[in-house]
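Values quoted throughout were computed directly from the atomic coordinates according to the rules given, and no laboratory measurement underlies them. Every value quoted in this text rests on a predicted model; they were computed, and no experiment measured them. Cβ sites come from the backbone with ideal geometry, for glycine too, and all protein chains shown count toward neighbours.
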Amino acid sequence: MKKELKVIGKPIPKHDANIRATGKAVYGHDIVMPDMLYGAILRTEHPSAIIESIDVSEAKKLAGVHCVITAEDVDVNNIGYKRDHPILKTGEANCTRDEIAAVAADTKEIAQQALKLIKVKYKVRKGIYDVQEALKKSAPQINKFISGKFENKNTAEIFHYEHGNLEEEKKRSKHIVTRKFTLPRMTHACMATSNITASFNLIDKKLLLYSSTQVPFLYQRDMAHALKMNPSDIRVIQPVIGGGFGSKLDMHPFEPICALLSIKTGKPVQILYTREEEFIASPIRQPMEIELTAGVDKAGNFTFREINIVKDNGAYTSWGATTPFVIMQAFSSLYKVNAVKFDAMAVYTNNVFAGSFRGYGNPQATFALERVIDLLADELGIDKAEIRLQNANRKGETTGQGLHFETCGLVECLENVISKSHYNKKKSINKEGRFKKGIGLASMLHVGGGAKIYRSDGCGTILKIDPYGYCTIITGSNEIGQGSETVLAMIASEELGIELKKIKVINTDTDVKPWDVGVHASRTSFVAGNSLLGAIKILKEKLNKKASALLKSGDSEFEYSDNKIISVKSNDSIALDKVVREMHFSEPNELAIADYFYEPSSKFQDKDFKGNVSGTYAFASQAIEVEVDTYTGNVKVLDVYVAQDVGRVLNPLLLDGQIEGGILQGVGYALTEELLMHEGKILNPNFHNYKMLTASDIPNIHFSPVETFDKEGPYGAKGVGEAPLIPTAAAIANAICNALDLEFLDLPITPEKVLKAISLRNTKNNSKINSHSL
Amino acid sequence: MKKQLKKNKPKIEVLHEISFTLNEKQVSCKIKASTILLDLIRDVFELKGTKPGCHEGECGACTVLVNDAPVNSCLFLAVNANGKNITTIEGLTNHDGSLHPVQESLVNNGAVQCGFCTSGMAMSIKAMVNHFENSHHVPGEIRNDFPTRDEIKKFLEGNLCRCTGYVKIVDAAEKLFAKEEF
């Protein structure tokens, strides 16, 4: 018998939305500490150069300047996923972001003025901005800090994966399609720019950081390694975070730089990026070339996929280098496929380095895969919806890579969007005239129950109820605006029968909260939710025991409702706060407190990248209708039909927010957003020239949650955060191709590219006609 | 309420004295000619609700009302505030801490995620409300001068948001007008 839920599933606004909507939330930009200084960073003028000398003497003399540091002044370790990234650069510059010196001053203005007084002598070199150039034998080694693990000196990382018999599957394929796709640099463009406030206490040698990191415990450890400190002497407090989307998964050089300025001066120091700095120096989505060859047999079953990916690593290695973990999941396991051979290589160049970005490589992979699936369907003369349904993953399946789908709503997602969008009617509507409409389909598979890429994918919770009947959840998990705090409060409210306003969530302080791996991989509601449920179970055992004693009934089964503990058998009840007081004040005198560490059932993958890496998996399909203006090349996204296997809807209001926000980011990725680079420099570091979408660009979004009730998830829920943007660009590209009967291999599909493709076809057709008429 | 900008100026600059109304209170201060309204509000009057998103008039996070009209406070020289009526997000909230209907609608419609754009969004929506409040209306007659959904979207084009995809923000504005509770 299923208990009816009172709170879970209700459209409850984010619990601190009122604080945020009144301007009372304190973000990193709002922190002011007594005697605080402002830090600023001097970056290289040239993306590739020998640094012959740095003269900071004039800067040091400026009134109001407290400290100027260069690499010479600090004793630190390299940072980054492969520890190949010096915090301050010396000897040479390899990337337009390179930090040469840093200043701490009384005001932001003085700090900026001081930067102008630093004289750096450069000997400009010819940089390497193309991965193929970097792979040439004659190319110089770009990053000098790597061990030479790979044959080529500019290889940063290599991934190889395979399953099935590739050659056999190739032989029995009826059609084979090969395409090479190019994916652009996209930037997070969080509304709050990067920021940090560091305060080193000279007396007890402890470092306090107000940081927007998404992974405070890994960050604490990374910071300690960088500064040669003990991690526990570093306390990380997260202020309200103005957007994450993966950008704060890595620790970036400005953060230890700020700490160093504070250590040197003994005063708090704050660094706030300008918007231009944010565009230039914050991480991006990985640019890459994906070559995909895929086959289909005569019955329409997918036979094999062979993938070669070359990623531009930039000058240093971030977590972004590990995106092939996720990319290979899409290729190995989205739709059934018998054989897969996957190779990915990250190559050092003098370009900017990437980080992690919502979807973690999956939007790139899904774009390539779903485009090729359309082409295979065309080759075979089979309907594009049909081929997807036929090959869709099913419940109970274990894929070639070892991902196990205990639940799987892919067929339902596909059927939903095909039917709601009237796909079958719209796919062949009249394509005459200036405005051509088209419709495209794409699906996605993503981790939905965390991702075990670190030794633990766990999350700790400490739960307490106070003598006034209020509940405090101290969770290891983080809030970056997505609303996980609210979901946790809802779970506690549901289970403990306490109203939401009596529930507090504490989650910002590493000195207080228990360990958690961080906010990423769409994991928070799933992992932190399960962790909280575990703690609630333990706490309830204690409370039940006391309630039973107080009620003198000997009952063992209780319900929690309206701030009361109610006996199921007798219906006798006692106030929750009273039970807590009695726990505290009568023998055996114990606290109403419990702790729990939840570790998902997922496995760390073996060296061949096989294994069930997530507690559960999320699926989604989108059918997107577009209208292309063939005179201007403009693409208007009209309707987005989206169905997503969310396991169970925990809060429809917040879920909608994730879906809609993700889709618009996906539309931007498909049509407008690209960080343009020329010889290592970013050409459009501002909102005027980097085209983020506005309110006028919203398509009509028709969302249907698909509930599959996964037994691993809290109340059956799966992770939802990244999924909405993953198939969007793919579905839009398929729709544009459907509208114009043309192919696009690159994102974003700008008006310029659309017009070029149309005019190229016209020229070809004309020349054909001409040759015939001759 | 008299405060000075940070000390420790490397060179002497002429200061200008200005007086204006800030969230219904009369205030005055001495500022440099180059001071922008955003910095005056945040650093001198320590009202941190107005957010710095780009400092170049592109993102709208710092939107405040100057005589009821929305402006990007990062592009507005503070000396031009002299004699004017400035309203920030703090001035929108009622004195007892209860939310203005604009804020309430944003909260209830799920329009707030990270919240960094929210102050600016709220002020832009309030500006829209002012516009229609001030328009001619005969009691008892059906109003047909409400903005359409497309007009709301157009009005909010100057306010960027990276989290929500704008849908819930436009919903919040639309429902506010439908209720006529402003």
Please report how far the C-alpha centroid of region A:714-758 lies from that of region A:52-109, rounded to the nearest whole angstrom.
41 Å
Long-range amide H contacts for residue A:37: which residues qualify at under 5 Å (H placed 1.01 Å from N, peptide plane, sequence gap of 5 or more or a different chain)?
A:269, A:270
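Would you tally the net charge around residue A:718, using a Cβ to Cβ cut-off of less than 12 Å, leaving residue A:718 out, and scoring K and R as +1, D and E as -1? Present the calculation step by step, with values, prior to reporting the outcome.
On the way: positive: A:523, A:648, A:711; negative: A:406, A:645, A:707, A:710, A:712, A:722.
So the environment of residue A:718 carries a net charge of -3.
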By DSSP, what percent of the beta bridges with both residues in region A:458-510 are antiparallel, rounded to the nearest 5?
55 percent
Each residue of region A:318-330 in turn: what ³J(HN,Hα) in whole Hz from Karplus with 6.51, -1.76, 1.60 and θ = phi - 60°, glycine and Pro shown as x?
10, 4, x, 5, 8, 4, x, 3, 7, 4, 5, 5, 4
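Using square roots of five times the C-alpha gyration tensor eigenvalues, list the equivalent-ellipsoid semi-axes of region A:237-323 in whole Å, biggest first. Can you show the working numbers first?
Details: eigenvalues 365, 38, 25 Å².
Semi-axes (√(5λ), whole Å): 43, 14, 11.
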HN-Hα J couplings of region A:587-593 from phi, Karplus 6.51/-1.76/1.60, θ = phi - 60°, integer Hz, Gly and Pro as x?
5, x, 6, 10, 7, 8, 9
Take the Cα radius of gyration of chain B and divide it by 2.2 N^0.38 Å, with N its residue count; two decimals is plenty.
1.10
Can you give me the convex hull volume of the Cα atoms of region A:514-649, divided per residue and expressed in Å³?
229 Å³
Which ³J(HN,Hα) values, rounded to whole Hz and listed in residue order, are derived for region A:86-100 from phi using the Karplus coefficients 6.51, -1.76 and 1.60 in 6.51 cos²θ - 1.76 cosθ + 1.60 with θ = phi - 60°, glycine and proline given as x?
x, 5, 10, 8, 9, x, 8, 10, 10, 7, 4, 7, 3, 8, 9
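Quick one: work out the % antiparallel among DSSP beta bridges in the protein assembly as shown, nearest 5. Mind dumping the intermediate values first?
Numbers: 118 of 149 bridges.
DSSP beta bridges in the protein assembly as shown are roughly 80 percent antiparallel.
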Averaged over A:188-194, number of beta-carbon atoms from partner chains that fall within 10 Å
6
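If packing is taken as the average count of other Cβ atoms within 10 Å, what order do A:620-631, A:404-415 fall into, highest mean first?
Details: A:620-631: 24.6, A:404-415: 22.3.
In decreasing order of mean packing, A:620-631, A:404-415 become A:620-631, A:404-415.
What is the average number of partner chain Cβ atoms found within 10 Å of a Cβ in A:693-702?
On the way: counts 5, 10, 21, 9, 4, 8, 2, 1, 2, 0.
Averaged over the peptide's residues, the number is 6.
Just counting partner chain Cβ atoms within 10 Å, what average do the residues of peptide A:24-33 show around their Cβ? Working shown, then result.
On the way: counts 8, 9, 1, 6, 0, 6, 6, 1, 4, 0.
Mean partner-chain Cβ count within 10 Å for A:24-33: 4.
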Helix-only estimate, please: 222 nm mean residue ellipticity of the protein assembly as shown, summing -39500 (n - 2.57) across DSSP H runs of length 4 or more and dividing by its residues, to the nearest 500.
-8500 deg cm²/dmol
Charge context of residue A:338, other residues only, Cβ under 11 angstrom, K/R +1, D/E -1:
+1
Tell me the trypsin sites (Lys or Arg not before Pro) within region A:431-513 that lie in a loop according to DSSP and have at most 16 other beta-carbon atoms within 10 Å.
A:431, A:434, A:455
Taking a cut-off of 20 Å between Cα atoms, list the lysines near residue A:464, but don't count ones fewer than 8 places away on the same chain.
A:501, A:502, A:504, A:513, A:537, A:540, A:542, A:545, A:546, A:564, A:578
Which residue, A:550, A:530, A:565, has the largest displacement toward the positive end of the dipole of region A:517-577 when charges sit on each Cβ (Lys, Arg +1; Asp, Glu -1)?
A:530
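Could you give the dipole magnitude of the protein assembly as shown about its Cα centre, charging the beta-carbon of Lys and Arg +1 and that of Asp and Glu -1, in debye to the nearest 20? Spell out each step's value before the answer.
Working: 116 positive and 115 negative charges, 241 e Å.
For the protein assembly as shown, the charge dipole is close to 1160 debye.
Distances over 16 Å make up what percent of all Cα-Cα pairs in region B:15-92? List each step's numbers first, then the result.
Numbers: 1222 of 3003 pairs.
It works out to 41 percent of all Cα pairs.
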Amide H proximity to residue B:111 below 5 Å, modelled H, separation 5+ or other chain, gives none
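Under a point-charge model restricted to the Cβ atoms of Lys and Arg (+1) and Asp and Glu (-1), what is the dipole moment magnitude of region B:101-179 relative to its Cα centre, in debye to the nearest 20?
Working: 9 positive and 9 negative charges, 50 e Å.
Value, rounded to 20: 240 debye.
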What is the set of long-range amide H partners of residue A:87 at a cut-off below 5 Å, with H atoms built 1.01 Å from backbone N?
A:79
Zero-based 5 Å bins, Cα pair distances in region B:101-179, whole percents:
3, 16, 29, 25, 14, 7, 4, 2, 0
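Please give the charge dipole size of region A:439-553, origin at the Cα centre, charges +1 on K and R Cβ atoms and -1 on D and E Cβ atoms. Round to the nearest 20 debye. Could you put the intermediate results ahead of the total?
On the way: 14 positive and 11 negative charges, 102 e Å.
With only Lys, Arg, Asp and Glu charged at Cβ, the dipole is about 500 debye.
In Å³ and rounded to a whole number, note down the convex hull volume per residue for the Cα atoms of the protein assembly as shown.
Working: hull volume 197.0 nm³, N = 956.
Convex hull of Cα atoms, per residue: 206 Å³.
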Output the pairs from A:126/A:228; A:137/A:248; A:691/B:51; A:121/A:264; A:60/A:82 with a Cα-Cα distance over 31 Å in this structure; if there are none, say none.
A:126/A:228; A:137/A:248; A:60/A:82
GNM, chain B, Cα, under 10 Å: largest mean-square fluctuation among B:109, B:82, B:134?
B:134
